[in-house]
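Report on the structure given below.
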Amino acid sequence: MTEPDLNQLPAAFLKRLELLLDPPARAAWQRAAARLPMSVRWTGPPGQESRGADYLKEHGFDPHPIGWAPDAWTLPGAARRSVTGLDWVRSQQLFVQSASSMAAVQALGVQPGHDVLDLCAAPGAKTSLIHRRQEGRGILVANELSRARSRRLHALLSRLDITGVEILVGGGEHLGRSHARCFDRVLADVPCSGEGRFHLSDQATWSNWSESSIRGLSRRQTALLQSACHACRPGGEVLYATCTMAPEENEQVIDRVLSKADPHVELLPVDMDIPGRRPGLQSWGGVEFSNDLSHAVRIQANEIMTPFFMARLRKVGSV
Ligand SMILES: C[S@@+](CC[C@H](N)C(=O)[O-])C[C@H]1O[C@@H](n2cnc3c(N)ncnc32)[C@H](O)[C@@H]1O
């Protein structure tokens with residue numbers, strides 16, 4: 001197989017990549033962009049997770065447990081098609097989900113009984129994991145802007161036999177007002193430029209990338225995060241996540257929301273041992289960020305994780 005050519009990507013993107021990543025991290029990014037790491041989680045009956053690992057071994061895979069996700073495994077070197085073709089994946093006992101996506105839900109810290117809002121929910125991989133972590137107790141509202149994508153969310157929940165999720169269709173920017181202080185946990189997994197999911201042999205994954213679209217996304221993301229914070233109860237937590245490396249969509253969004261203090265939120269550390277983990281940046285493009293951004297988490301690509309960013313915010317006040 002010939003190595004996909006990195007130079008097909010926009011020159012401005014490659015320049016930013018040089019500023020953001022050192023040479024080994026860039027090489028790891030290129031490897032992940034050529035072949036995305038695979039991972040799966042157990043969606044069969046709770047308490048029977050070991051059956052999933054046994055099944056994967058019987059089918060020639062080498063499942064590695066994920067330390068912070070007791071019901072999930074990475075599959076080093078596995079090709080996507082070999083995993084999606086498995087009977088237990090087709091019958092939804094095993095669910096293909098990136099370790100980065102699972103990490104965001106883990107960092108949200110959902111407990112049984114929590115009321116949760118998933119602000120940008122389709123196609124629903126994280127909604128389904130949140131539902132599992134709630135263990136049947138607590139409200140779950142899943143919001144999505146696009147009606148077509150909300151149908152995919154609905155279909156996924158049906159396939160996984162998940163009931164009781166309230167699906168809303170509309171701009172998440174408005175929920176802070178309509179659902180003010182309603183939730184213990186809010187996931188803001190916002191639309192982003194997706195640099196962590198670029199696939200070198202699929203031009204569609206990066207054809208819309210531009211520095212001007214990053215600026216537009218950054219404004220929208222700030223409005224979504226602020227809405228998420230309003231929808232959160234005092235003392236509750238918001239998890240902001242993207243699958244991009246662009247600081248304008250990551251640290252800069254958090255920094256703006258922290259400094260607006262409307263509502264008042266603070267950044268909390270994320271206590272998870274994740275490979276490729278780095279602290280949030282302290283500055284970018286001449287703009288300095290709050291020192292607290294060191295609590296944010298940047299994940300660099302590696303054999304397990306695709307690049308992503310997350311920040312855990314607590315709404316100041318008591319419930
Ligand atoms: C990163 S994806 C979410 C992935 C999803 N959380 C999952 O794990 O399956 C972002 C989603 O936000 C939706 N979206 C875009 N703008 C939005 C808005 N203003 N309000 C709510 N959702 C929005 C997009 O259509 C897209 O489905």
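The values are calculated or read from the model by the stated rules, or taken from the named source; none is laboratory data. Note that the structure is predicted; figures quoted are calculated from it, not measured. Every residue, glycine as well, gets a Cβ built from its backbone with ideal geometry; the counts of neighbours run over all protein chains shown.
The strands (runs of 3 or more DSSP E) located wholly in the stretch 252-319 that include 2 or more residues which are more than 17 Å from Arg185 (Cβ to Cβ) occupy 277-279, 297-299, 308-315.
Just checking, how many residues over the stretch 213-237 are away from the ligand (no atom under 14 Å from the Cβ) and touching a residue at least 60 places away in the same chain (Cβ under 8 Å)? Adding up the residues that qualify gives 7. Among the numbered conditions (1) over 19 Å from the mean Cα position of the chain (by Cα); (2) within 11 Å of the ligand (Cβ to nearest atom); (3) not in a strand (DSSP E or B), the only one that Ser207 does not meet is (2). Filtered by the rule that a residue be out of contact with any Asp or Glu (no Cβ under 8 Å at 6 or more places or on another chain) and either crowded, with 24+ Cβ neighbours inside 10 Å or not assigned by TED's automatic domain parsing to the domain that holds Met272 (or both), the stretch 111-123 gives a lone residue, Leu117. Looking across the stretch 106-118, just one residue is within 12 Å of the ligand (Cβ to nearest atom) and of a type in the set (D, E, K, R), and that is Asp118. Of everything in the stretch 175-204, what is within 20 Å of Leu258 (Cβ to Cβ) and within 11 Å of the ligand (Cβ to nearest atom)? Give them in sequence order. Answer for the stretch 175-204, where residues must be within 20 Å of Leu258 (Cβ to Cβ) and within 11 Å of the ligand (Cβ to nearest atom): Leu187, Ala188, Asp189, Val190, Cys192. Here the condition is being over 19 Å from the mean Cα position of the chain (by Cα), surrounded by fewer than 23 Cβ atoms within 10 Å (Cβ to Cβ) and within 28 Å of Trp29 (Cβ to Cβ); of Ser158, Ser201, Ser101, Ser178, it holds for Ser201 alone.
Here is the figure for the stretch 69-105: residues that are among the β-branched types (Val, Ile, Thr) and over 15 Å from His59 (Cβ atoms) total 2. Exactly one residue out of Ile167, Ile139, Ile214 is surrounded by fewer than 24 Cβ atoms within 10 Å (Cβ to Cβ), at pLDDT 95 or above and under 29 Å from Trp284 (Cα atoms), and it is Ile214. Within the stretch 119-141, identify whether any single residue is more than 9 Å from the ligand (Cβ to nearest atom), farther than 28 Å from Asp273 by Cα and free of Cβ contacts under 8 Å to residues at least 24 places away in the same chain, and answer yes or no. No, the stretch 119-141 has no match at all. Only one of the listed residues (Arg159, Arg151) is assigned by TED's automatic domain parsing to the domain that holds Leu117 and either within 13 Å of the ligand (Cβ to nearest atom) or in contact with a helix residue (DSSP H, G or I) (Cβ under 9 Å, 6 or more places away or on another chain) (or both). That residue is Arg151.
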